[in-house]
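Data first, discussion second: the structure below is written as structure tokens.
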Amino acid sequence: MQKYASPAITRTSALHRLGLATKGFGAISLVAAMLLTAAPVAAQETLRVPYFSDIGSFDPDNAFEVGALSAINNVYEGLVEYAPGTTKVVGLLAKSWEVSPDGLTYTFHLVTGATFHDGTAFNADAVINSFKRRRDNDLILSYFLANVTDMQAPDEATLVLTMGHPQPSFLDALSSPWGPKVISPAALAEHAGDDVGKTWLNEHAVGTGPFKLAEFKRGEEYTLERNDAYWGEKPFFSEIQIPVIPDVGQQILQLQANEIDAVPNNYPWAQLTSLPAGVKATAIPSMALVEAFVKPGSPLDNPEIREAVLTAINPALWVKDAFGDYATPAKSLYQVTMLDPKTPVVFPTDMDAAKAAITAAGPVKLVLGYATEETTNVGRAVDLMVAQLAQIGVDATVNVLPQGGAYAVKGDPAAPDLLISRSSPDAAHPENQATVFYTKGAPINFFGVELPEADAIVAEAGLLTDIEKRNALYEKAGQMYFDAGLFIPLVDVQDVVVAADGLVDLGLRPVFPPGNIDFATVHWAK
């Protein structure tokens, strides 16, 4: 029996130390600059962090929220989580756990004394109640618990989960920002309605977390208030104000005017090197991998043309122009934070040979595309790749797809030859990258391509608990997908938050989408 004792039972124990170019965006106005003030004093107990868009739903089981995870994961908690800045699994509502030798039984030992925001006691039965709601009701995130066949509570502080088959990625699934959370059983019973509480939970919440949802004003602002009965270490801030500010330019102006405390993401890359006084950038490695999905039947089916194109779009030629110091050329089809390969992919470098290959092939036209919502993530990179392709004689153009258009390219003859996207898995295990983006039937394998021999290696790797052997197989499969011309890794991009100087311990985590500050760990430096 493998035993695990969490090195960090509370989410703040490692961090909470109270004693201690976007096109067309012009320069910050002189008026805003004049309004710039010194960083707020430590006495300020309200943190103001904007979101770019509305929260679609606060239901932790039935929404694939991205920007709002910072709020949801501070109101609700799961059994385990990733420690800030890492992909290490640590305890949250579970203080320790054991996994049986056959990998089929997980026994969790839960914290005691915790309560939900409505005063209901937290215990193993509450976990089972929430987990069954997620698993059994065809909710958006039900798949996280699809392999759990049985749940038992031998006592109030012990939970036993039985799996249908070994799943070494299960603890990563539980640690995911979208992983299973625990909802007050009393609230679920009172507000179940005829849809297991989905309607009510869209705009209401009752968790165990360090913050409560105090106000939900769709289209305007959301407010969290500190849970003074929290079972763990208390957050520094008593209130979190989350205004909806869709335009990054407006966010920057308000940060300059000290009307908000951070621009959590989408700060123009070109401006990160010349930030004004009073603000600073915090960056960590992330799970954001910019990559190209290759359309079947494109000119890249020709190995000579593919070699020439890879030479021209070699990310080493343009990564700094696109992202400054906040990205590096990708090493494989897996984010380097997830898997640092022993043998990175290699892009050819002979531009003269590339020009000759294109000349020999005759006129070569390529369309590079991306969805409009990806403009900030990849737009500049695509423009630079088009310029590089022109240098070898390729007639390359750009097609900006409508919102969500990337999900409609499969089978469309008018689809781009190369679809550029920023890929982010829902957990840190390589299985979560491979089976979401690359294998047959993967939900975000945009063109529906397949390579059965590589898929078989991914399946084999998914059963291994030996990390070195597991990673070697995932790396092998990734190289096979690349060599077959199905997917092209480009760059690993960091998570960058620009905030008022003095705001520290942001609690950023690589698996979270960029900009999700942990409201429980962040505080003003003294």
Alpha-carbon radius of gyration plus Dmax, which is the widest Cα pair, for region 427-519 in Å: 16.7, 52
Between Thr372 and Glu468, what is 0.36 nm times their sequence separation minus the Cα-Cα distance? Round to one decimal in nm. 30.7 nm
Taking Lys and Arg as +1 and Asp and Glu as -1, residues besides Gly393 with C-beta under 12 Å from its C-beta add up to 0
Which whole-angstrom value gives the distance between the alpha carbon centres of region 305-361 and region 161-227? 41 Å
Solvent-accessible heavy-atom area per residue, rounded to whole Å², over the chain at 1.4 Å: 39 Å²
What share of all Cα pairs of region 170-307, in percent, falls into each consecutive 5 Å distance bin? 2, 7, 10, 11, 14, 15, 12, 10, 7, 5, 4, 2, 0, 0
Answer rounded, prolate or oblate for region 73-162, using the Cα gyration tensor with square roots of eigenvalues a ≥ b ≥ c: rounded when a/c is under 1.5, else prolate when a/b is larger than b/c, else oblate. rounded
I need the GluC sites (Glu not before Pro) found in region 217-296, filtered to DSSP loop residues with at most 11 other beta carbons within 10 Å of theirs. Glu220
Over the Cα atoms of the chain, Rg to Rh with Kirkwood Rh, two decimal places? 0.98
Percent of Cα pairs exceeding the 21 Å cut-off, where the set is region 217-294: 49 percent
In whole Å, what are the extents of region 345-466 along the principal axes defined by its C-alpha atoms, from largest to smallest? 48, 34, 26
Of the listed links Lys234/Lys280; Lys342/Lys469; Lys295/Lys410; Lys132/Lys212, those spanning more than 20 angstrom between alpha carbons are Lys234/Lys280; Lys132/Lys212
Spherically averaged projected area of region 106-151 from its Cα convex hull (nm²): 3.9 nm²
Ignoring everything but the protein chains, give the 1.4 Å probe accessible area of Lys217 in square angstrom, nearest 10. 80 Å²
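The values are calculated or read from the model by the stated rules, or taken from the named source; none is laboratory data. Bear in mind that the values here come from a model prediction, so they are computed numbers and not experimental data. Counting neighbours? That spans all protein chains shown, and the Cβs are built from the backbone with ideal geometry, glycine included. Remember, those area values only see protein heavy atoms, side chains included, never the ligands or the DNA or RNA. Shrake-Rupley method; radii C 1.70, N 1.55, O 1.52, S 1.80 Å.
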